[in-house]
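Notes for the one structure printed next.
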Amino acid sequence: MAKVLLVDTNFSSGPILNFLRNAGHTVVFAGGNPRDFLAKATPGYQQLDYSNPAALADLCTRLGIEYLVPGCNDRSYYSCAEVADRLHFPGIDSLYATETINHKQKFRSFAQGEGLSVPRVFNADETPNCHVIVKPVDAYSGRGITVVQAGNEAQLKQALETARAESKSGDCLMEEFVDGQLYSHSAFVVNGRVLQDFVVIEHGSANPFVVDTSHIALDFPEDIHRRIRREIEHMAQSLRLCDGLIHTQFLLKGEKFWLVEVTRRCPGDLYSQLIELSTGFPYVASYTKGFLGRHAAPGPAKQQFILRHTVTLPHEGLLQHLHFKHPLHLERWVPIASTGDLVAPSPAGRIALLFARCASAAELQTLARHAVNRQLYTFNG
């Protein structure tokens, strides 16, 4: 078996590590925080700031790494792309494709040139006569995002300053604000064609720009699903993307959709487990195989009604307990914070992830509504 380096130590990468080890590989994993989940819980940890691609490449050479697997954040994938550009690991996109996808301004420019469905973009010196959303070009998890009312120059100036302050490059994106429902489309692509895909409906209850509640979309319109597939395939072929996962967030309003974020790495907050519990599809195995020089394989999907919810707060709070106001079948509970911890507001702080099993679609929708309306539990109540 091979020697594999997993570039992440967050708990969301735990299923990736388990798959690799169960397949018989020797796995080491890198991250800068020795208190992170994988660093504490299992042997094989290499303390390394993987945002430094030269240090990551040196580690690969020194340890004789045969395969490089990105974890569940954009920085991990970007660093892997920089290393693969020199050391030629399989399954990782070119630097050009990686930059095009991960840099919000570059992605919008590419998408507009290719005729893909994205929100209208404005220059930073414009004052649009419509509501706009301003965001850093290279930040994530809702950081630095502001919705600005039409024509409000003072608010727009502040929003631009906030976004630039959160951006590593000091740059930001201003685009038309679309008041639609957020979804994600997670597709495994082989030779530029979608092999298997899933649509998930997503909500932010504690922070409108951070997803904390999601489940497989029920009765998603097939025509819109086909159109989204076509755009993902067009993008994969145009950028010559490697076989593997393409994970996209999009907004839907009526019959129209807009692509807003695209990534090639595994989504965080155990999104992989939502798909596996809901459908039985081996999401983690399919994701990881691409970096081992293998293809994902299509499989029949079962239907289970599973809700994923990240327990977070809209404000700071000292954790004592949660009081649940509605009964639920708890499939999994993944604790993150401990009693007595001072929990920061979303997106900085998280208490736990829960996966709840429901008996029917109606029960799932009811439970999701309670979570989205913040009626599922009370904090220290």
Legend entry - Within segment 3-89: Cβ-based charge dipole about Cα centre, in debye rounded to nearest 20 (Lys, Arg +1; Asp, Glu -1): 280
Legend entry - Sequence-distant aspartates and glutamates (8 or more away, or on other chains) whose Cα lies within less than 16 Å of LYS3: ASP58, GLU66
Legend entry - Residue order, fewest to most surrounding Cβ atoms within 10 angstrom, among GLU255, GLU175: GLU255, GLU175
Legend entry - Charge dipole of the chain about the Cα centre (unit charges at C-beta), most positive-ward option of HIS88, SER286, ASN10: SER286
Inset, instruction - Output the relative contact order of the chain, whole-number percent, from Cα pairs under 8 angstrom with separation of 6+ residues. - result: 13
Legend entry - Most mobile of HIS185, HIS326, HIS247 in a GNM of the chain (Cα contacts under 10 Å): HIS326
Inset, instruction - Using only Cα atoms, locate the centre of segment 192-230 and the centre of segment 275-298, then give the distance between them in Å, rounded to an integer. - result: 18
Legend entry - Charged-residue dipole, Cβ positions (Lys, Arg, Asp, Glu), segment 291-342 about Cα centre, Debye nearest 20: 340
Legend entry - Calculated [θ] (222 nm, deg cm²/dmol) that DSSP helices of n ≥ 4 give over the chain, each run adding -39,500 (n - 2.57): -9000 deg cm²/dmol
Inset, instruction - Please order HIS370, HIS309 by the number of other Cβ within 10 Å, starting at the fewest. - result: HIS370, HIS309
Legend entry - Prolate/oblate/rounded label for segment 181-379 (Cα gyration tensor, a/c 1.5): prolate
Inset, instruction - Name the residue farthest towards the positive end of the dipole of the chain from the options ALA54, ALA296, HIS131, assuming +1 on Cβ of Lys and Arg, -1 on Cβ of Asp and Glu, about the Cα centre. - result: ALA296
Inset, instruction - For segment 168-209, build the charge dipole from Cβ charges (+1 Lys, Arg; -1 Asp, Glu) around the Cα centre, then report which of GLY170, GLN196, TYR183 sits farthest towards its positive end. - result: GLN196
Legend entry - When each of LYS106/LYS157; LYS104/LYS135; LYS135/LYS168; LYS106/LYS289; LYS106/LYS256 is checked by Cα-Cα distance, pairs over 19 Å: LYS106/LYS157; LYS106/LYS289; LYS106/LYS256
Legend entry - Computed magnitude of the charge dipole of the chain (debye, nearest 20; Cβ of K, R +1, Cβ of D, E -1): 760
Inset, instruction - Within 10 Å of each residue's Cβ, count the other Cβ atoms and sort THR339, THR378 from fewest upward. - result: THR339, THR378
Inset, instruction - For every other residue with a beta carbon closer than 14 angstrom to the beta carbon of LYS157, add +1 if it is Lys or Arg and -1 if Asp or Glu, then tell me the sum. - result: -3
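Since every read-out is calculated from the coordinates, none of them should be taken as a lab result. What you are looking at is a predicted structure, and each value in this text was computed from that prediction instead of being measured. Cβ sites come from the backbone with ideal geometry, for glycine too, and all protein chains shown count toward neighbours.
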